[in-house]
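This report concerns only the one structure given below.
Quick note: the coordinates plus some simple rules give every number you see, no bench work behind them. The structure presented is a predicted model; accordingly, all values stated were derived computationally and were not measured. Glycine also receives a Cβ, built like all others from the backbone with ideal geometry; neighbour counts cover every protein chain displayed.
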Amino acid sequence: MKPNIVPEELMKEKKIKILTISDHPLSPSGVGTQTKYFIEALLETGRFQFICLAGAMKHENYTPQKVAPYEEDWMIIPVDGYGDAEKVRSIIRNEKPDILWFMTDPRFYEWLWFIENEIRPLLPMVYYHVWDNHPAPMFNRSFYLSNDMIVSISKVTHEVVSEAAPEVVNHYHPHAVDPVIFSPKTEAEIQELRKGSFPQDKEERVLFFWNNRNARRKQSGSLLFWFSEFADEVGRDKVRLIMHTDPNDAHGQPLQHLIEELGNDGTLMISNSKVPPTVLSDMYNMASCTINISDAEGFGLATLESLSCGTPIIVTMTGGLQEQVTDGSEWFGIGIEPVSKAIIGSQQVPYIYEDRISKEDFKRALHKMYSMTPKERQELGRKGRAHVEQNYSFERYCERWAEMMTELHERCGSWRTRKGHATWELREIL
């Protein structure tokens with residue numbers, strides 16, 4: 001019998017199947033949100049389909065799920081952690097994806113790179129990479145070389161990858177946010193939101209917002225203590241800090257306990273409910289300023305969401321935060337230079353800079369933002385929104401992903417058409 005031969009015209013219509021590994025793409029995490037944006041952008045072209053290993057959360061049900069309205073084109077498979085080698089081997093053999101795309105900190109993917117000799121002869125590997133700071137992590141070089149393409153989320157990430165592994169295709173492609181959801185509201189709408197949220201206030205306070213994970217590098221404890229001192233200086237009934245986070249995160253500090261110690265008078269507040277993006281947008285709009293003083297931050301999605309809503313930011317000049325707060329000429333908030341850049345590390349990450357700001361510099365930034373008129377803060381926010389539209393365009397984010405993945409598939413192929421990857425090399429032994 002003659003083998004079945006698929007006509008060339010039909011082969012061209014075959015959708016490019018992508019296996020992704022990341023946080024659950026329907027979860028509210030930054031990684032999950034960016035994965036969702038990536039998937040939806042490619043699905044809208046009609047040329048792609050997805051199988052997602054959805055991790056980084058506790059699942060009640062591990063049954064694979066089809067996502068409406070895409071159905072067969074988007075399948076989510078819940079996994080613990082980010083999956084394992086056997087799960088990936090099984091999906092690759094049974095589903096025959098054309099590309100493997102994965103995202104988040106490289107410490108979670110050493111197991112995946114250890115089996116790249118099994119994966120890459122069949123399909124290319126794409127890593128959407130986050131790295132927080134210099135020096136270039138030469139200890140990641142072997143991991144970087146195990147990819148067909150790296151996409152860097154910040155200029156810092158792009159710089160260190162280019163230095164550590166210049167041989168690898170490396171694109172700078174930062175995060176983006178939906179400008180329809182994260183958009184400025186009218187002054188009347190903002191006043192209505194504030195009155196509904198804080199009916200007990202006799203007069204309007206200057207509201208500072210912090211939306212982060214309660215973890216060590218986020219400096220959540222320092223933020224509470226330093227802000228409380230600032231509040232004492234300007235009047236505790238004049239300002240308010242809202243921290244949108246889990247106050248009991250195992251990797252952070254007991255924030256409610258700290259608030260009780262500092263004075264539970266409504267100046268320091270916790271918002272710990274998981275809310276949809278529309279409600280989060282309301283919170284940014286209510287705020288006069290959004291804060292992020294992490295000592296290391298690959299990107300910092302909350303500050304981009306804030307700027308998209310027209311709310312200025314106060315940030316540490318580190319990682320991806322520094323390219324959000326200024327474009328080199330204009331400022332869209334206040335950037336605080338670190339007073340110390342200590343080399344810290346661990347067994348997995350031997351060295352990286354940790355950028356710490358001082359209490360005095362942070363309080364000066366708070367006073368400067370507090371002293372601005374509402375119109376001055378609005379003008380900063382207006383410029384920030386324009387900065388996001390120009391340099392973090394959501395439309396361009398979607399278009400560029402489709403371009404990069406299409407180009408990769410054409411250049412590298414998969415399975416029978418796989419090219420550009422040698423499974424062996426010649427070395428001269430002296």
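Let's see if you can work this out: charge +1 on each Lys and Arg Cβ, -1 on each Asp and Glu Cβ, no other charges. What is the dipole magnitude of the chain about its Cα centre, in debye to the nearest 20?
440 debye
Considering only DSSP states other than H, G, I, E and B, which trypsin sites (Lys or Arg not before Pro) in region 113-212 qualify as loop sites with at most 14 other Cβ atoms within 10 Å?
Those that pass, being in a loop and sparsely packed, are K202.
Can you pull out the GluC sites (Glu not before Pro) in region 5-96 whose DSSP state is coil and whose Cβ has at most 12 other Cβ atoms within 10 Å?
Counting only loop positions with at most 12 other Cβ atoms within 10 Å, the GluC sites (Glu not before Pro) in region 5-96 are E44, E60.
Rounded to the nearest 0.05, what FRET efficiency do M57 and Q200 have when you use their Cβ-Cβ distance and R0 = 56 Å?
0.95
To two decimal places, what compactness ratio does region 187-391 give when its Cα radius of gyration is scaled by 2.2 N^0.38 Å?
0.98
Starting from the Cα of K96, draw a straight line to each of the lysines and keep only those under 25 Å, dropping any in the same chain fewer than 8 residues away.
K2, K12, K14, K15, K17, K36, K66, K87, K419
Could you compute the net charge surrounding G55? Neighbours are other residues with a C-beta less than 11 Å from the C-beta of G55; K and R count +1, D and E count -1.
-1
If I stretch the segment between S142 and I181 completely, what's the gain in nm (0.36 nm per residue apart, minus their alpha carbon distance), one decimal?
10.1 nm
Which distance in nm do the two modelled labels at K363 and V275 give, with both placed 7 Å along the Cα-to-Cβ direction?
3.0 nm
Using only DSSP helix segments of four residues or longer, with each worth -39500 (n - 2.57), what per-residue ellipticity at 222 nm results for the chain after dividing by its residue count and rounding to 500?
-11000 deg cm²/dmol
Please name which of M369, Q324, G345 has its Cα lying farthest along the dipole of region 311-404 towards the positive end, using unit charges on Cβ (Lys, Arg +1; Asp, Glu -1) and the Cα centre as origin.
Sorting the options by dipole projection puts first M369.
Could you give the size of the charge dipole of region 112-177 about its Cα centre, using +1 on the Cβ of each K and R and -1 on the Cβ of each D and E, expressed in debye and rounded to the nearest 20?
With Lys and Arg at +1 and Asp and Glu at -1, about 80 debye.
Whole-Hz Karplus ³J(HN,Hα) for region 175-189, in order, using 6.51 cos²θ - 1.76 cosθ + 1.60 and θ = phi - 60°, x for Gly and Pro?
4, 8, 10, 5, x, 7, 6, 8, 9, x, 9, 6, 4, 5, 5
Give, to the nearest whole percent, the P(r) tail of region 289-430 beyond 17 angstrom, counting all Cα pairs.
69 percent
How big is the charge dipole of region 187-391 about its Cα centre, in debye rounded to the nearest 20, if each Lys and Arg gets +1 on its Cβ and each Asp and Glu gets -1 on its Cβ?
Rounded to the nearest 20 debye, it is 60 debye.
Calculate log10 I(q)/I(0) of region 83-195 for q = 0.15, 0.16, 0.19 Å⁻¹, where I(q) comes from the Debye formula with a single equal point scatterer on each Cα and nothing for solvent.
-0.70, -0.75, -0.96
Would you list which lysines come within 22 Å of K202, measuring only between C-alpha atoms, while excluding same-chain residues fewer than 8 positions from it?
K238, K375
Rounded to two decimals, what ratio of Rg to Rh does the chain give with C-alpha atoms and a Kirkwood Rh?
Over the Cα atoms of the chain, Rg/Rh equals 1.01.
I need the phi-derived Karplus couplings for region 235-243: 6.51 cos²θ - 1.76 cosθ + 1.60, θ = phi - 60°, integer Hz, Gly and Pro marked x.
x, 5, 8, 9, 9, 8, 10, 10, 10
Run through the DSSP bridge list for the chain and note the antiparallel percent, rounded to the nearest 5.
Taking every DSSP beta bridge with both residues in the chain, the antiparallel ones total about 15 percent.
Could you tell me how far the Cα centroid of region 166-219 sits from the Cα centroid of region 29-93, in Å?
27 Å
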